[in-house]
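S.K.: Sharing a structure here in structure tokens format.
Every read-out reported here was derived from the displayed coordinates using simple, explicitly stated rules and does not represent laboratory data. Computed from a predicted model, the values in this text were never measured in an experiment. As a convention, Cβ positions derive from the backbone with ideal geometry for all residues, glycine included, and neighbour counts pool all protein chains shown.
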Amino acid sequence: MNNNEVVSFERIRDAFYVYCDIIERYGKGKEGSPIGSFYIGCVILGSLACEIGLKALLALEDKPLHGHCLNNLFNNLNPQMQESIIQYTSYELESFNNALLENKDHFVKWRYYYESNQLAANYDFIFKLFYSIKTHLDTINPEYQTPDH
């Protein structure tokens, strides 16, 4: 597949649900594992899942985009979808936009955490965004819903 080829909504959605499954199975960490490895992995995986989920929603709107920047992806969604996602996270608009900007590129930055001494992530925001995106995709494809979320 070349970079100009459009990936279908179904393929992107299915990839999102693969990451959902990983988060559901391993999202609480393994007992006895170092907290650092758990936290780093959750930030990376949560950010990647948000990216893929946003790309699925964009593909559904016939706006396929590339890139890893969450705020760029989010800002290309239609305004109604943006508002609905924000509402589900329970963030106020300004707080949401600030958190999205602060957490926009964690998939890229946290993969190479050892190259920086100044990484910070809002873990709560990342997973609220993830579950909001998941809720929206679940309503489009209820066969993928999990009972807990």
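S.K.: Starting from the Cα-Cα distance between residue 7 and residue 65, subtract it from 0.36 nm times their residue separation and give me the gain in nm to one decimal.
M.R.: Numbers: separation 58, 0.36 × 58 = 20.88 nm, distance 0.96 nm.
Taking residue 7 through residue 65 to full extension adds about 19.9 nm, to one decimal.
S.K.: Give, as a single signed number, the net charge of other residues whose beta carbon lies under 12 Å from the beta carbon of residue 90, with Lys and Arg counted +1 and Asp and Glu -1.
M.R.: Within the 12 Å Cβ shell, the charges total -1.
S.K.: Across segment 9-144, how many lysine pairs separated by 8 or more positions, or lying on different chains, have Cα atoms within less than 24 Å?
M.R.: Total qualifying Lys-Lys pairs in segment 9-144 comes to 19.
S.K.: Want the number for residue 102 to residue 140: 0.36 nm per residue separation, take away the alpha-carbon distance, what's left?
M.R.: 10.8 nm
S.K.: I've got another one for you. Residue separation times 0.36 nm, minus the C-alpha to C-alpha distance between residue 117 and residue 72: what's the value?
M.R.: Result: 13.7 nm gained on full extension.
S.K.: Using the Karplus curve 6.51 cos²θ - 1.76 cosθ + 1.60 with θ = phi - 60°, what ³J(HN,Hα) values do you get for each residue of segment 108-123, in whole Hz, with x for Gly and Pro?
M.R.: Rounded to whole hertz, the list is 6, 5, 6, 4, 10, 3, 6, 8, 9, 9, 10, 8, 9, 9, 9, 4.
S.K.: OK, next. Are there chymotrypsin sites (Phe, Trp or Tyr not before Pro) in segment 50-118 that DSSP marks as loop and that have at most 13 other Cβ atoms within 10 Å, and which are they?
M.R.: On the way: sites: 74, 88, 91, 96, 107, 110, 112, 113, 114; in loops: 91, 112.
Sites meeting the loop and neighbour criteria: 112.
S.K.: Can you tell me how segment 55-109 classifies by the Cα gyration tensor, rounded, prolate or oblate, using a/c under 1.5 as the rounded cut?
M.R.: oblate
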